[in-house]
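Take a look at the structure set out below.
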Amino acid sequence: MIFTVAIDGPAAAGKGTVARAVAARFGFAHLDTGLLYRAVGARAAAGEDPVAAARDLAPADLARGDLRSLEAGQWASRVAVLPEVRAALVDFQRGFARRAGGAVLDGRDIGTVIYPEAEVKLYVTASDEVRAERRRQETGGEAAAVLADLRARDARDAARDAAPMRPAPDAVLLDTTELTIDAAVERAVSLVDAALRGGPA
Ligand code: DC
């Protein structure tokens, strides 16, 4: 069976949590595509050419322990504006989207560019303040600085020419500002369930 769930949205909206939970519930494979850009960014931060890094990205790059920091996120967002970096990562993501047994991919451009044919497309958002507080609980740091960091990254991700962050026209919007994570997961699961049965949720 080929069945793809595309989950996009800004930083720290909860898309990773929803993606992991949906994948676990249905036995689908999960790809956090942000990790690809974070791994390229980490190599660029060490002085490498980001396009060359994207072209020979290896599993060991994704296993680095330093990819989750705010700084790694900014580097990821900066290399992600480069069309050649994005192009180098497309085939891997499309292959993953079509793998047998079902796949969930989360990122910024999955439903718009990587796999617009996905059976389920979600765009997960939350208010800036709620997202910043969630991120601060993971990374520590000062609330105002974390909020400024998220806003800078979102602005860059949405304004770039190459595959900007935006909802696919037919994506279901899931605003997690006032939803518990369990409620957001249940909504996503019921949408996937309905699509698997061939009808609306
Ligand atoms: O999901 P994340 O916060 O780990 O992503 C880090 C950065 O990578 C994000 O700010 C922009 C970039 N990114 C992208 O351009 N396209 C994707 N599909 C995923 C991430």
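The values are calculated or read from the model by the stated rules, or taken from the named source; none is laboratory data. Every value quoted in this text rests on a predicted model; they were computed, and no experiment measured them. Positions of Cβ are backbone-derived with ideal geometry, glycine not excepted, and every protein chain shown enters the neighbour counts. For accessibility, only protein heavy atoms count, side chains too; no ligands or nucleic acids. Shrake-Rupley method; radii C 1.70, N 1.55, O 1.52, S 1.80 Å.
Has region 58-71 got any residue that is among the charged types (D, E, K, R), within 23 Å of Ala184 (Cβ to Cβ) and surrounded by 23 or more Cβ atoms within 10 Å (Cβ to Cβ)? No: zero hits. Restricting attention to region 114-141, the residues that are open to solvent by 30 Å² or more (accessible area, probe 1.4 Å) and in contact with a Lys or Arg (Cβ under 8 Å, 6 or more places away or on another chain) total 3.
Table: residues versus (1) basic (Lys, Arg); (2) more than 22 Å from Val120 (Cβ to Cβ); (3) within 12 Å of the ligand (Cβ to nearest atom).
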residue	(1), (2), (3)
Ile2	no, no, no
Gly14	no, no, yes
Arg20	yes, no, no
Arg25	yes, no, no
Glu48	no, yes, no
Val51	no, yes, no
Ala60	no, yes, no
Arg64	yes, yes, no
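Restricting attention to region 73-88, which residues are over 13 Å from the mean Cα position of the chain (by Cα) and either open to solvent by less than 10 Å² (accessible area, probe 1.4 Å) or away from the ligand (no atom under 12 Å from the Cβ) (or both)? Val79, Glu84, Val85, Ala87, Ala88 - these are the residues of region 73-88 that are over 13 Å from the mean Cα position of the chain (by Cα) and either open to solvent by less than 10 Å² (accessible area, probe 1.4 Å) or away from the ligand (no atom under 12 Å from the Cβ) (or both). Against the conditions (1) farther than 19 Å from Pro164 by Cβ; (2) modelled with pLDDT of 95 or more, Leu89 satisfies every one except (1).
Residues in region 18-49 that are within 14 Å of the chain's Cα centre (by Cα) and of a type in the set (Lys, Arg): Arg20, Arg38.
Looking across region 42-84, just one residue is β-branched (Val, Ile, Thr), part of a helix (DSSP H, G or I) and farther than 27 Å from Gln137 by Cβ, and that is Val51.
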